[in-house]
Amino acid sequence: MNSIKSEKKISVAEAAAEIKNGSTIIIAGFTVWRKPMAIMYEMVRQGKNDLHLIMNNPSVGVDILIGSGCIKIWESNYCAHEIFGKIGNCFGRAVEEGSIIYEDYGHYHTVLRLQAGATGVPFLPAMSCLGTDLLNPEYDMLGRAGLRDGKNPRIPRKKFEIVEDNFYGEGRVVLVPAARADVCIAHVQKVGSQGTVRIEGQTFACIEAMKAADKLIVMAEEIVPENELRRDPGANCIPNFRVDAIVECPFGAHPTGVFGYYDMDGRFISDYHLKSRTKETFKAWVDEWVFGMKDHNQYLDKIGGSRLTSLRSNSALKWSTNVVRR
């Protein structure tokens, strides 16, 4: 880690401490790419609970949070590990047991919710999901739980609204509510010492996610001098005044990947999926990989230098030439 001074710089533990029990949170990233895993592990160590999660395409980190009892309300569209495992085992158990309230949205609807939150409007329209059970009022789980009474400013009074197009007469339109969160945590490639954010490669819905929360914590592979990022301002995506805190954490997204820095660790994710099949084996995994580690550095030591080196991206190709792809 470098020694660039920054008033916004905090540690991984301090970042997790900023997330208060009962908060509504957004976690940026996309399935097995750029997830702020180091902070999520620390949230488990700190015993976070009653969290209300809104996000696009969660995977291994959220499955761990759910299995550890951190999540009370889940609003998303997916929880799996791509080719490394189907539906997250902890998520599936929680749904079956009723230990979380889950609200299912379509992928595009989730992105629109983040975009609405980012732009400060209460809703955005779409025509997707019409005719599907995603819009069946019977499956409005927050409504069934009696939570759409207007008392919680983070929970919309309706899951959706279907209206007629009065402009062009093209039929029904779905209005989906904005996502509004207390905190967003994200992982990116570079952040400036004053907080300017740069994402390299695909941005997914991360820019919208980072703008849809009252507080933004950005973890990065490296903190760089602010003036270096300003040499190419068009490559930056979030201005420094929108960022509340920054964390420098190399390999902070492991086992998910970071474009241009390292690949996802498919072997690690597959092993997690196997070990999370039962509550007992999941507990053993968490005891070893989360509670058994005092911090992220010890976690990386356990992974091992040779394994981490094999995941590193080629600087020209932006992906690892050591990972077997079939």
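The values are calculated or read from the model by the stated rules, or taken from the named source; none is laboratory data. In this text the structure is predicted, and so the values were computed from the model without any measurement. For neighbour counting, all protein chains shown are included, and Cβ atoms are generated from backbone atoms with ideal geometry for every residue, glycine included.
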### Task
Looking at (1) modelled with pLDDT of 95 or more; (2) surrounded by fewer than 23 Cβ atoms within 10 Å (Cβ to Cβ); (3) under 15 Å from residue 190 (Cα atoms); (4) of a type in the set (Gly, Ala, Ser), find the lone condition where residue 29 falls short.
(2)
### Message
Just to verify a result, which residue in region 236-293, among those that are outside any loop (DSSP other than H, G, I, E, B) and basic (Lys, Arg), is nearest to residue 215 (Cα to Cα)?
### Response
242
### Task
Select from region 253-265 the residues that are among the small types (Gly, Ala, Ser) and farther than 15 Å from residue 30 by Cα and list them in ascending order.
260
### Message
Tell me yes or no: at least one residue of region 216-229 is free of Cβ contacts under 8 Å to residues at least 40 places away in the same chain, in contact with a strand residue (DSSP E or B) (Cβ under 9 Å, 6 or more places away or on another chain) and surrounded by fewer than 16 Cβ atoms within 10 Å (Cβ to Cβ).
### Response
yes
### Query
Taking residue 168 and the conditions (1) of a type outside the set (Gly, Ala, Ser); (2) touching a strand residue (DSSP E or B) at 6+ places or on another chain (Cβ under 9 Å); (3) assigned to a loop (DSSP other than H, G, I, E, B), which numbered condition does it fall short on, given that it satisfies the others?
(2)
### Query
Which members of region 129-146 meet the condition of being surrounded by fewer than 17 Cβ atoms within 10 Å (Cβ to Cβ), among the hydrophobic types (A, V, I, L, M, F, W, C) and closer than 22 Å to residue 98 by Cα?
145
### Message
Taking the conditions exactly as written (over 17 Å from the mean Cα position of the chain (by Cα) and within 28 Å of residue 159 (Cα to Cα)), does residue 92 satisfy them or not?
### Response
yes
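Does region 178-194 hold any residues that are of a type outside the set (A, V, I, L, M, F, W, C) and crowded, with 24+ Cβ neighbours inside 10 Å, and which are they? Give the steps one after another, and end with the answer.
Here is the first cut: in region 178-194, the ones of a type outside the set (A, V, I, L, M, F, W, C) are 180, 182, 187, 189-190, 192-194.
Hits for region 178-194 are 187, 192.
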#### Entry: Residue selected from region 296-307 under the condition surrounded by fewer than 16 Cβ atoms within 10 Å (Cβ to Cβ) and in contact (Cβ under 8 Å) with a residue 12 or more places away in the chain, by the criterion nearest to residue 48 (Cα to Cα)
302
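Would you confirm, using the coordinates I've provided, whether residue 175 is within 15 Å of residue 109 (Cα to Cα) and either surrounded by fewer than 22 Cβ atoms within 10 Å (Cβ to Cβ) or in contact (Cβ under 8 Å) with a residue 40 or more places away in the chain (or both)?
On the way: within 15 Å of residue 109 (Cα to Cα): yes; either surrounded by fewer than 22 Cβ atoms within 10 Å (Cβ to Cβ) or in contact (Cβ under 8 Å) with a residue 40 or more places away in the chain (or both): yes.
Answer is yes for this residue.
Where residues in region 72-128 are of a type in the set (A, V, I, L, M, F, W, C) and part of a loop (DSSP other than H, G, I, E, B), which of them is surrounded by the most Cβ atoms within 10 Å (Cβ to Cβ)?
Within region 72-128, the first condition is being of a type in the set (A, V, I, L, M, F, W, C), and the residues that meet it are 73-74, 79-80, 83-84, 87, 90-91, 94-95, 100-101, 111-112, 114, 116, 118, 121, 123-124, 126-127.
The next check asks that each one be part of a loop (DSSP other than H, G, I, E, B); those that pass are 79, 100, 121, 127.
Values: 79: 24, 100: 20, 121: 11, 127: 12.
Only one residue tops the list, namely 79.
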